[in-house]
């Protein structure tokens, strides 16, 4: 049985490749793009070399824009940590946002729905996340989506799939205490019309589930096509059919040897084949296809993918009791732990920490502003301008730099506290002698000074 086929379609491109390259298919074509460096890319199969535009104006190496999602028309490359976004269309590459590098959703799950693009979960700024942000093409900025229901726990590397107005996620690494990673064995469904989350079941304990869970999910190559989710493991292809609640193995054989294909990227599918790009044993680019009919023949026995919420109800009593005990213990020690929910400013060593972890994202001006408020109880607007401006700046420029610095400081604090709503990190007051002179001081709800 020849499942992993190499007819005339497959060819070596005689160009070294590795996992650091970015590869994506061009929608509605048989072409795909390989970004080979921070300056250039190649369009295959015709091997058309091109340079990235000099005015792309991105803040990081393009090879770090690995959240790739398509809305069916164009392809979007989102920075690993969220924020900046590059669009690839028939006109080439261009940056389309007015945002900045969020550094807030590494290892997130990108998805698209009705032409819009989203990022779910991820880690950054010392915390795991479980929120969703949506890119607004008119405002050219990202905004948090309001959701409700049974939210998945904060985590990363969730597998995600959009089906019939619903977004499904499963097999994530959750961070219930933000320190210890715990595999999340639940399947969640988000209604994309009402934005209500629902826990629809727990992964069924089968050999399929054990196979996927035996290795960090992030090490699998995965892709979605024809309404199904696939994992490419060593000598096995695992198929997840959520609509029919089934999971099955597709066994490898002599014609399909995963070990001979490194760094596999799914490109597209048509009526008869799935198409992939990989590196062969000599690290040359190779394009190959798998016959869908042969996949069907090689599919092994199926099992249910997850047990529904009602099926697992009676199995949950023990878990609930343990949860109650944990809650009681947590409440008992809440007072002792609550102080750690503040940014700690150590004035002697000039170190900023949150939950014992050192904060490294503040700029020099931001550190001086916080340190001044910690040592002198407050800071004037003019002092803030002195710390973030040049001597030759006009007053208008000084004011703009002050406003920008404080806006960025607020954004970073929002990320640290994982807050979707603006918080009053600083308290504003006026001088007793001259009401026009404004001061800021630290809000002790969010800071403590050592």
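None of the figures in this text is laboratory data; all of them are computed from the coordinates on show. Bear in mind that the values here come from a model prediction, so they are computed numbers and not experimental data. When we count neighbours, we look across all protein chains shown, and the Cβ atoms used for this are built from the backbone with ideal geometry, even at glycine.
Worth pointing out:
- Between residue 147 and residue 390, the contour length at 0.36 nm per residue exceeds the alpha carbon distance by 83.1 nm.
- The ranking of 408, 373 from fewest to most other beta carbons within 10 Å of each one's beta carbon is 408, 373.
- Reported to the nearest whole Å, the Cα centre-to-centre distance from region 116-144 to region 13-91 is 21.
- When 163, 242, 368 are sorted by how many other C-beta atoms sit within 10 angstrom of their C-beta, beginning with the fewest, the order is 163, 368, 242.
- Hull volume in cubic angstrom per residue (convex hull over the Cα atoms of region 22-178): 124 Å³
- Ordered by the count of other Cβ atoms within 10 Å of each Cβ, fewest first, 66, 436 give 436, 66.
- Note on residue 137 and residue 450: with the Förster distance fixed at 35 Å, the Cβ-Cβ geometry gives a FRET efficiency of about 0.15.
- Region 335-449: C-alpha gyration tensor shape, a/c 1.5 cut-off, then a/b vs b/c: prolate
- In plain terms, the chain from residue 56 to residue 96 could stretch by 13.5 nm, reckoned as 0.36 nm per residue minus the Cα-Cα distance.
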